[in-house]
Amino acid sequence: MSRVTGFALVLAGATAFAASASAQSLDCKEFRQAMARNSGDLKADFVRPLVVSRGGTSGLDQYDLVSQSRVDGVLKCQGESFVSFEATIHLPAARPLIDQFAAAQTAALMATLGWPHARARERVRSLAHEAADYLRGSAERGDVEVAGKVEEHLPGGVDMGTIWTATERTFILLQGG
């Protein structure tokens, strides 16, 4: 498991309780439908993976993103309440995959916040520029963990973050409390 994935799992686990208690919880089914509707050429959909584990479960339902691209995505819900969505691409990546990753992020923001396409797309571009700047600065400083990390707290108790490293880019949405 990569450090970025581990970081995202910690964030999702930490907010799972808050998401279940939130009065403004997003509906998971509505998120899945809106994501499919807003994803355009990606043709995004969600499937329930077969999960084999020992011991107890986290109490979260997990759905894998399937699409016409190599964007990896996981949606986590507690019952029908949205907990988190995470999308990742691995680098190096060609321009079409980077564009598909941006399209997945845009569709997720539209599904989560009900934003129009132009507003969501501009926020994704802004995040990308900011993460690139932080990644560049991290490399120039010689940080032990070279990464560009950006987070924002959005309306409706939604937290958004993006983490860029030399080997992957990750986008995370969390339902806060």
Report, ordered by chain and residue number, the lysines lying within cross-link reach of LYS29, taken as a straight Cα distance under 23 Å and ignoring same-chain residues fewer than 8 apart. LYS43, LYS76
So what J values fall out for the stretch 168-174 if you push phi through Karplus, 6.51 cos²θ - 1.76 cosθ + 1.60 with θ = phi - 60°, rounded to Hz, Gly and Pro as x? 7, 10, 10, 10, 10, 10, 10
Relative contact order of the stretch 82-165 (C-alpha contacts under 8 Å, at least 6 apart) in percent is 19
So how compact is the stretch 54-177: Cα radius of gyration and Dmax in angstrom? 15.1, 45
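Read-outs: derived from the displayed coordinates by stated rules, not from any lab. Quick caveat, the model's predicted, so the values are computed rather than measured.
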